[in-house]
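Colleague: I have a structure I would like to understand better, so I am pasting it below and will then ask my questions one at a time.
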Amino acid sequence: MQKISVVRIFMTLALILNSLNLAAKDTENLEKEGKDGLKAEIKEFIDHHLQDSHDFTLFSDKKTGKHYGFPLPVLLWDGGLKVFSSSKFHHGETVAEVDGNYYKLYHSKIYKTDAQGTIDYDENHHPKNTKLLDFSITKNVVSMLLIGLLMFFMFRSLAKSYKKNNGIPTGVGRFLEPLVLFVRDEIAKPNIGHNYKKYMSFLLTIFFFVWLLNLLGMTPLGVNVTGNIAVTFGLALLTFLITNFTANKNYWGHIFWMPGVPTFMKVVLAPIELLGVFIKPFSLMIRLYANMTAGHVVIMSIVGMMFLFKSWIGSPLSFGLAFVLSILEFYDNSRNCRIRSNSNRCRIRYR
Amino acid sequence: MEKLLNDFSFGLFFWQILIFVGLIFLLRKFAWKPILDSVNNREEGIKNALESAEAARKEMQNLQADNERILNEARAERDGMLKEARQLKENMIADAKAEAQSEADKIVAQAQATIEQKKW
C-alpha cells in the first residue's frame, strides 16, 4: 500500500506538470471559459491515455507545444514493409513522408493521405482514407516487452537461487516463491486436479503477465495495456485454444451429454453448454478490458477534478478520493488476475 | 461495439500473441520448470524426512518394547531359578534331616542293642 501512495504522488506530479500552463491561462481568462476548456482538456487527456500510442510521451507542455518522451519505431505494410521513426509524425501534428507515400496519424491510427495530409470523412465522421496494416512497436508493445523482460529476469533469478542455496530461495525469490505456490495450490490444483502440471507454464505466465501489466498501468508512465481490447482478445483466444485442444472426453462429455441430469435436460443443456465454450473466454476478454478501462477513467477523472476545484477543500478531497480509489483498484487488479486465471481453468476441472 | 471493433489493432494483437507465446516457452524452459522442480524436490525431501523420522520413532518404540519384554523375561527366569534353588535347598535340607534322623535312630538302636547284650 505504501508503494501505491508513492505511485499516486508521482502520477499527480506528472499531471501537475502537464497542466501547469493551464492553471496560468485559467486565471487570465474568464473563469467560466477556462473551466470549460480545462474540462475538455482533461477529457482529451483521458481519452488519449486510454489509447495505444506510437510514441512514449511522459508529459507534454501545451504552451510551448513540446512533448517529453521518446519516439518508437513504426512498421507499416503498404505494398512492402515501411520502417521509420514515429518522430516523423510529430505527435500527429505533421504528415510523414516515406518513399514518396504520405501517412498521417489520426486518433492513434495511421492513414494514407496526400502530401497535405487531408483526411476525408464519411457521414459518420469516420475517415475514408486507407487504413494500413500497422505492425508498429507501439507504447503497449514496448510495455509488454518490458514486462516480459522483467518477468524473465525475476523468475530466472528465483530458479537460479534454488541451486545456490540448497533448495531454499534467497533475496527477492522469497517474495516470488509464495506467489508461484499460490498459483499452483489455490488456482491450478483445486480447479484442474491431478493433471495440473501440464497447464502450469500457461497459468503462471498469464497470471504474472496480467498482474504486472495491471500494476504498471497504475504508475504515472500512463500505460494501459490490459485495458486494450486487442490484448485481452489475444489472451482469451489462447485460453480458448488451449482449453479446447487439450480437453479430454470428460470435458466434452460435460458439454454434449451432461452426466447426472435427466435425458430431457441433457438435450436442453447441450446447446447452452456449447455456446458457453465461446461465451466464457469472450466474457473474460470483455471483463478485463472493461475493468481496466473503467478503473483508469475513474482515477484519472478524480485526479483531474483537483485542477477543476482549485480550492483548499476540493483538491485534498479529490486527492484523498483518488488515493482511496487507487488502493481499491490495486486490490481489484490483484483480484482480477486471480479470478481471471481461476475462471480460465474452471473449464478443465472435469478432467 | 463499433467503437470496440474500430479500436481493435491487428498489429498490437499480433505482437501480443508473439510476445506472450514466446514468454510462455522461454519461461517454461528457464523459470517455471526449474522452480517447480526445485519446490517439488524440496517438498518431497521434507515429506521423506518426516516419514523417516516417524519410522525411526516407531522403530525406537519397538526396540524399547523389545527391551522391556526381554527384561521381563529375564526377571521371570531369574525368579524361577531362585524359586527352584530355594526348593532344591529345602528339599536337600529335608532329605539330609531325614537321613540324619534315620542314621541317628539306627545308631541309637544299635547302641541300645549293644547295651542289652552287655547286661547279660
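Colleague: I'd like to verify a number: residues in the stretch A:111-139 that are touching a Ser or Thr at 6+ places or on another chain (Cβ under 8 Å) and surrounded by 17 or more Cβ atoms within 10 Å (Cβ to Cβ), how many?
Modeller: 7
Colleague: So, one more: Which residues, taken from the stretch A:224-249, are closer than 11 Å to A:M292 by Cβ and more than 10 Å from chain B (Cβ to nearest Cβ)?
Modeller: A:N224, A:T226, A:G227
Colleague: Determine, yes or no, whether B:L12 is within 7 Å of chain A (Cβ to nearest Cβ), open to solvent by 50 Å² or more (accessible area, probe 1.4 Å) and either under 52 Å from the mean Cα position of the chain (by Cα) or not acidic (D, E) (or both).
Modeller: Taking the combined requirement at face value, the residue does not satisfy it.
Colleague: Do we have any residue at all in the stretch A:274-282 that's in contact (Cβ under 8 Å) with a residue 40 or more places away in the chain, within 14 Å of another protein chain (Cβ to nearest Cβ) and not in a loop (DSSP other than H, G, I, E, B)?
Modeller: yes
Colleague: Follow-up. Answer yes or no: is there a residue in the stretch A:145-164 that is open to solvent by 20 Å² or more (accessible area, probe 1.4 Å), more than 10 Å from every other protein chain (Cβ to nearest Cβ) and within 19 Å of B:K33 (Cβ to Cβ).
Modeller: The answer is yes; a qualifying residue exists.
Colleague: Continuing with the same structure: Considering only the stretch A:184-201, I want to know if a residue exists there that is open to solvent by less than 10 Å² (accessible area, probe 1.4 Å) and either under 29 Å from A:P71 (Cβ atoms) or outside any helix (DSSP H, G or I) (or both).
Modeller: No, the stretch A:184-201 contains no residue that is open to solvent by less than 10 Å² (accessible area, probe 1.4 Å) and either under 29 Å from A:P71 (Cβ atoms) or outside any helix (DSSP H, G or I) (or both).
Colleague: Which residue out of A:I255, A:I302 is part of a helix (DSSP H, G or I), farther than 28 Å from A:V180 by Cα and touching an Asp or Glu at 6+ places or on another chain (Cβ under 9 Å)?
Modeller: A:I255
Colleague: Next up: What residue, of B:L4, B:L63, B:L82, B:L27, is under 30 Å from A:Y106 (Cβ atoms) and either in a helix (DSSP H, G or I) or within 14 Å of chain A (Cβ to nearest Cβ) (or both)?
Modeller: Result of the check over B:L4, B:L63, B:L82, B:L27: B:L4.
Colleague: Also, I was wondering about something else. Is there a residue in the stretch A:215-225 that is part of a helix (DSSP H, G or I), under 17 Å from B:G22 (Cα atoms) and open to solvent by 10 Å² or more (accessible area, probe 1.4 Å)?
Modeller: Looking through the stretch A:215-225, none of the residues is part of a helix (DSSP H, G or I), under 17 Å from B:G22 (Cα atoms) and open to solvent by 10 Å² or more (accessible area, probe 1.4 Å).
Colleague: All but one of (1) within 11 Å of chain B (Cβ to nearest Cβ); (2) in contact (Cβ under 8 Å) with a residue 60 or more places away in the chain; (3) in contact with a helix residue (DSSP H, G or I) (Cβ under 9 Å, 6 or more places away or on another chain) hold for A:K139, so report the exception by its number.
Modeller: Evaluating A:K139 over (1) within 11 Å of chain B (Cβ to nearest Cβ); (2) in contact (Cβ under 8 Å) with a residue 60 or more places away in the chain; (3) in contact with a helix residue (DSSP H, G or I) (Cβ under 9 Å, 6 or more places away or on another chain) leaves (3) as the failure.
Colleague: Take A:T57 and decide whether it is at pLDDT below 80, farther than 26 Å from A:G217 by Cβ and among the polar types (S, T, N, Q).
Modeller: So A:T57 fails the test.
Colleague: Related question: Does A:T219 satisfy being at pLDDT below 85 and within 14 Å of chain B (Cβ to nearest Cβ)?
Modeller: no
Colleague: If you don't mind, another one. In the set A:F70, A:F84, A:F89, which member is under 23 Å from A:P127 (Cβ atoms) and at pLDDT 80 or above?
Modeller: Just one listed residue meets the conditions, A:F84.
Colleague: Then there's this: Looking only at the stretch A:101-123, count every residue that is more than 27 Å from A:N224 (Cα to Cα) and at the interface with chain B (Cβ under 10 Å from one of its Cβ atoms) and tell me the total.
Modeller: 0
Colleague: For the stretch A:258-288, name all the residues that are β-branched (V, I, T) and crowded, with 16+ Cβ neighbours inside 10 Å.
Modeller: A:V277
Colleague: Quick one: which strands (runs of 3 or more DSSP E) lie wholly within the stretch A:67-132 and hold at least 2 residues that are of a type outside the set (F, W, Y) and within 23 Å of B:L5 (Cβ to Cβ)?
Modeller: Result: A:73-77, A:101-106, A:109-113.
Colleague: Considering only residues that are free of Cβ contacts under 8 Å to residues at least 24 places away in the same chain, within 11 Å of chain B (Cβ to nearest Cβ) and either touching a helix residue (DSSP H, G or I) at 6+ places or on another chain (Cβ under 8 Å) or more than 20 Å from B:E44 (Cα to Cα) (or both), which ones fall in the stretch A:165-196?
Modeller: Correct list: A:G167, A:I168, A:P169, A:G173, A:L176, A:E177, A:L181, A:R184, A:Y196.
Colleague: Now for a separate question. Which one of these is modelled with pLDDT under 75, within 16 Å of A:W211 (Cβ to Cβ) and open to solvent by 20 Å² or more (accessible area, probe 1.4 Å): A:S311, A:S341, A:S334, A:S315?
Modeller: Only one candidate qualifies: A:S334.
The values are calculated or read from the model by the stated rules, or taken from the named source; none is laboratory data. What you see is a predicted model, and the numbers here were worked out from it, not measured in a lab. With ideal geometry, Cβ positions are generated from the backbone for all residues, glycine too; neighbour counts draw on all protein chains shown. Side chains included, ligands, DNA and RNA excluded: accessible areas come from the protein's heavy atoms. Shrake-Rupley method; radii C 1.70, N 1.55, O 1.52, S 1.80 Å.
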